[in-house]
Ligand code: AMP
């Protein structure tokens, strides 16, 4: 039987979307601001591959975390599983070790930007392919000055997008020394309440009890109100680190609030954890923390580090929700208008000459009517139109039309660049 071909209408996958031309101006602006902020604070750009050995995330982000356990897009291969990166920090740590970046001037400050992938339930601010910008600082000491530098870079970048009313929620989740005793206190508190916990939290009580504090389930949330607080249990070293950090944050006049329930889900965090919010929006714009043992865990020397990632799609969403006017406009171009076949034939070469002279033009070579082309030029807000017709093609000159006044001047092709620059002044 002949196969009946069914017409398939393809759509982007759930939680993954296109960034259309109209939005690219905003994305360009974000990337440009990121470059400027990172440059000011001396972060060097790094780009990592989208695919990594899946074990990198299992070892660093943590086998029992939601990200690794439930959300990773895994690609099977004969050499073992690969994963579409769900976050950037493990890849930065891997690259740091692989390329011996410890030999760079200390501290090593890196930044990145690009897509991440997590198989989450798509909802407001939660996509399956999303974009993060991240700042990371690796050094030989766990100096809280670096935690403050990561925070200030994040805040200044968000502020550069005119998003206001920010607040950094900060907590310390202690270190190898003090966390085990806090973990025990937490388990002792929650164990008698097991019946009231959601399934995830019942499991977390065994695998990752700190995560009970940031469970969003309506039954679990009220229980954390009386749970022991990490800051009451941290050791003298962590306490000093935290106090010094808060002093830096105050000196920088960064808006912050302590959040005793903030733990962040990943295994590698030690001491500082933080998330950044803007008033009136439920989701975090970014988050980060200190990861003093990650590089060691991956086979390197003890290299304390701190970092954060910001969600670029969320920043775009906030700009929309808060109606922020960034005044980003596409670059205005000079219109190139042709009339007749001879002119059209000579147009492509002429446009190349303009490109070499750095004159930015937009052409309408697919249209024939002069009026249609001039009306397009008007719509695009072109300050000048270059009109190239049969007569001009034969006589080797061109008409420069001021689109505001309508005044026109014919100039020889040889002097076109000078003519345009004079008119633009
Ligand atoms: P995380 O790596 O989970 O700490 O996330 C850091 C930031 O990335 C968050 O604060 C969000 O702004 C953003 N982000 C994380 N997951 C998603 C997601 N599924 N969709 C959109 N943005 C996300």
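All of the numbers you see were taken from the coordinates with simple rules; none came from a lab. Note that this is a predicted model, so its numbers are computed, not measured. Positions of Cβ are generated from backbone atoms using ideal geometry, with glycine treated the same way; all protein chains shown enter the neighbour counts.
Subtracting the Cα-Cα distance of residue 379 and residue 159 from 0.36 nm times their residue separation leaves 76.0 nm of extension gain.
Once you've got the GNM for the chain with C-alpha springs shorter than 10 Å, pick whichever of 330, 192, 86 has the biggest mean-square fluctuation. In the Gaussian network model the winner is 192.
Distance between the modelled labels on residue 231 and residue 410, one decimal in nanometres: 8.0 nm (7 Å Cα→Cβ projection). Kindly list the residues of region 281-316 that lie in the label zone of residue 325, defined by a backbone N under 20 Å from the point 7 Å along the Cα-to-C-beta vector. Only 316 fall inside the zone, counting backbone N under 20 Å.
Note down, for the chain, the three equivalent ellipsoid semi-axes (square root of 5 times each alpha carbon gyration tensor eigenvalue), biggest first, whole angstrom.
Sorted largest first and rounded, they come to 54, 25, 21 Å.
Cβ crowding within 10 Å, taken as a proxy for footprinting-reagent exposure, orders 326, 161, 394 from fewest neighbours to most as 394, 326, 161. Taking 321, 262, 298 in turn, the Gaussian network model of the chain (Cα-Cα springs below 10 Å) assigns the largest fluctuation to 321. Placing a label point 7 Å from the Cα of residue 14 along the Cα-to-Cβ direction, no residue of region 301-345 has its backbone N under 17 Å from that point. Within the chain, DSSP assigns beta bridges of which about 80% are antiparallel (rounded to the nearest 5).
Each of the peptides 309-318, 11-20 was scored by the mean count of other Cβ atoms within 10 Å over its residues; in descending order, highest first, they stand as 309-318, 11-20.
Fewest-first ordering of 423, 418 by other beta carbons within 10 Å of each residue's beta carbon gives 418, 423. Please build a GNM for the chain, connecting alpha carbons under 10 Å apart, and tell me which residue among 85, 211, 355 fluctuates the most. Of the options given, 355 has the highest mean-square fluctuation.
Compute the helix-to-body angle for 144-160: its Cα long axis versus the longest principal axis of the chain, expressed 0 to 90° and rounded to tens. Approximately 40 degrees, to the nearest 10. With respect to the chain, whose longest principal axis is taken over its alpha-carbon atoms, helix 21-40 is tilted by about 60°. Which of rounded, prolate, oblate describes region 297-345, given a ≥ b ≥ c as roots of the alpha-carbon gyration tensor eigenvalues and a/c under 1.5 marking rounded, otherwise prolate only if a/b is larger than b/c? It comes out oblate by the Cα gyration axes.
Going by a ≥ b ≥ c, the root eigenvalues of the Cα gyration tensor, does region 1-96 fall in the rounded group (a/c under 1.5), the prolate group (a/b larger than b/c) or the oblate group? Oblate, because a/c is 1.5 or more while a/b does not exceed b/c.
What is the antiparallel percent of DSSP beta bridges lying wholly in region 334-424, to the nearest 5? Don't skip to the end; give the middle numbers.
Working: 9 of 16 bridges.
Close to 55 percent.
Spatially, region 26-46 and region 203-235 are offset by 36 Å when compared through their Cα centroids.
Take the Kirkwood radius over Cα pairs of region 284-425, plug it into Stokes-Einstein at 20 °C and 1.002 mPa s, and you get 113 µm²/s for translational diffusion.
Reported to the nearest whole Å, the Cα centre-to-centre distance from region 129-170 to region 291-328 is 7.
At R0 = 25 Å, how high is the FRET efficiency between residue 22 and residue 126 if r is their beta carbon distance? Nearest 0.05 is fine. Don't skip to the answer; put the middle values down first.
Working: r = 23 Å, r/R0 = 0.93.
The value I calculate is 0.60.
In this structure, residue 5 and residue 394 have a Cβ-Cβ separation that, at R0 = 45 Å, corresponds to a calculated FRET efficiency of about 0.25. Which of rounded, prolate or oblate describes region 68-132 when judged by the alpha-carbon gyration tensor and an a/c cut-off of 1.5? Taking the square roots of the gyration eigenvalues as a ≥ b ≥ c, region 68-132 is oblate.
Please compute the contact order of the chain in relative form: average sequence separation of alpha-carbon pairs under 8 Å and at least six residues apart, divided by the residue count, as a percent. All intermediate terms of the calculation are to be shown ahead of the outcome.
On the way: 688 pairs, mean separation 62.7, N = 425.
Reported as a whole number, the value is 15 percent.
Placing dummy labels 7 Å off each Cα toward the beta-carbon, the span from residue 51 to residue 301 is 3.4 nm. With contacts defined as alpha carbon pairs under 8 Å and 6 or more residues apart, what's the relative contact order of region 298-368 in percent? About 31 percent, as a whole number.
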